[in-house]
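Written below as structure tokens is the structure these notes are about.
The values are calculated or read from the model by the stated rules, or taken from the named source; none is laboratory data. These numbers were taken from a predicted model, which means no experiment stands behind them. Please note: Cβ atoms are built from the backbone with ideal geometry, for glycine as well, and neighbour counts cover all protein chains shown. Quick note on the areas: whole protein, heavy atoms, side chains included, nothing else; ligands and nucleic acids left out. Shrake-Rupley method; radii C 1.70, N 1.55, O 1.52, S 1.80 Å.
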Amino acid sequence: MVSISVYLVNGISFATETLTGVFKGENARDRFIPLLQVSFGISLLAGLLIGGICTLFPDTIFGLLSNHRETIAAIRADVSWLIAIVGCLAAVKILYGYFGGLTRGEPIRNASLWGGLVGFTPLAICAWHTQSNQILWLALLGFLATRTIAIAAFLPGTLQNSD
């Protein structure tokens with residue numbers, strides 16, 4: 001379900017990237033904030049809707065993907081992570097699309113490095129040592145949340161009138 005959410009959110013991110021590039025080319029920086037508001041709103045709504053439906057109806061949704069009761073029972077233990085993970089995923093993908101449209105790769109690269117080094121690696125090592133699936137989900141959430149925070153730090157500078 002995370003992968004399905006990625007595809008959906010990536011589509012919204014590509015649209016954000018395209019419109020950001022168009023607005024940059026037209027020197028219409030005043031349209032960046034409304035674009036980000038609409039993009040975040042749609043992306044979060046879509047992602048949280050997927051996560052919410054999976055959390056509320058795990059047997060039905062995952063029953064469509066598998067007829068193995070043991071697999072579906074195992075999924076029930078982890079499905080609560082979907083809402084937070086898909087929420088962070090939606091936010092970071094929109095920001096990646098925005099910065100891609102501005103042709104600014106440095107914030108994207110830096111956010112990914114910080115996410116991997118700070119948000120993911122320590123928790124992944126802990127998950128490996130403890131053999132904990134829950135900590136591994138936390139590592140994924142840490143990766144996404146750290147990337148979101150790191151790239152958001154570059155956002156205010158792009159919303160001003162100067163490059």
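Of the residues LEU140, LEU95, LEU82, LEU64, only one is under 12 Å from the mean Cα position of the chain (by Cα) and open to solvent by 50 Å² or more (accessible area, probe 1.4 Å); which?
Selected residue: LEU140, the only one of LEU140, LEU95, LEU82, LEU64 that is under 12 Å from the mean Cα position of the chain (by Cα) and open to solvent by 50 Å² or more (accessible area, probe 1.4 Å).
Would you check if ILE151 is of a type in the set (A, V, I, L, M), touching a Pro at 6+ places or on another chain (Cβ under 9 Å), in contact (Cβ under 8 Å) with a residue 40 or more places away in the chain and surrounded by 17 or more Cβ atoms within 10 Å (Cβ to Cβ)?
Values: of a type in the set (A, V, I, L, M): yes; touching a Pro at 6+ places or on another chain (Cβ under 9 Å): yes; in contact (Cβ under 8 Å) with a residue 40 or more places away in the chain: yes; surrounded by 17 or more Cβ atoms within 10 Å (Cβ to Cβ): yes.
The answer is yes for ILE151.
Of the residues in the stretch 67-79, how many are within 21 Å of the chain's Cα centre (by Cα) and either of a type in the set (Val, Ile, Thr) or more than 20 Å from ALA145 (Cβ to Cβ) (or both)?
Selection size over the stretch 67-79: 2.
For ASP30, all conditions in the list (1) within 14 Å of LYS93 (Cα to Cα); (2) among the acidic types (Asp, Glu); (3) free of Cβ contacts under 8 Å to residues at least 24 places away in the same chain hold save one; what is the number of the exception?
Against the list (1) within 14 Å of LYS93 (Cα to Cα); (2) among the acidic types (Asp, Glu); (3) free of Cβ contacts under 8 Å to residues at least 24 places away in the same chain, ASP30 comes up short only on (1).
Can you name the residue in the stretch 99-137 that is free of Cβ contacts under 8 Å to residues at least 60 places away in the same chain, open to solvent by less than 70 Å² (accessible area, probe 1.4 Å) and among the aliphatic types (A, V, I, L, M) and, of all such residues, is nearest to LYS24 (Cα to Cα)?
Taking the candidates together, the pick is ILE108.
Would you say THR55 is out of contact with any Lys or Arg (no Cβ under 8 Å at 6 or more places or on another chain), surrounded by 14 or more Cβ atoms within 10 Å (Cβ to Cβ) and under 13 Å from ILE94 (Cβ atoms)?
Values: out of contact with any Lys or Arg (no Cβ under 8 Å at 6 or more places or on another chain): yes; surrounded by 14 or more Cβ atoms within 10 Å (Cβ to Cβ): yes; under 13 Å from ILE94 (Cβ atoms): no.
No; evaluated as a whole, the condition is false for this residue.
Rundown of residues vs (1) free of Cβ contacts under 8 Å to residues at least 40 places away in the same chain; (2) farther than 18 Å from PHE154 by Cα; (3) under 20 Å from the mean Cα position of the chain (by Cα); (4) surrounded by 17 or more Cβ atoms within 10 Å (Cβ to Cβ), yes/no style:
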{"site": "SER3", "(1), (2), (3), (4)": "yes, yes, yes, no"}
{"site": "GLY11", "(1), (2), (3), (4)": "yes, yes, yes, no"}
{"site": "PHE14", "(1), (2), (3), (4)": "no, yes, yes, no"}
{"site": "THR18", "(1), (2), (3), (4)": "no, yes, yes, no"}
{"site": "GLU26", "(1), (2), (3), (4)": "yes, yes, no, no"}
{"site": "PRO34", "(1), (2), (3), (4)": "yes, no, yes, no"}
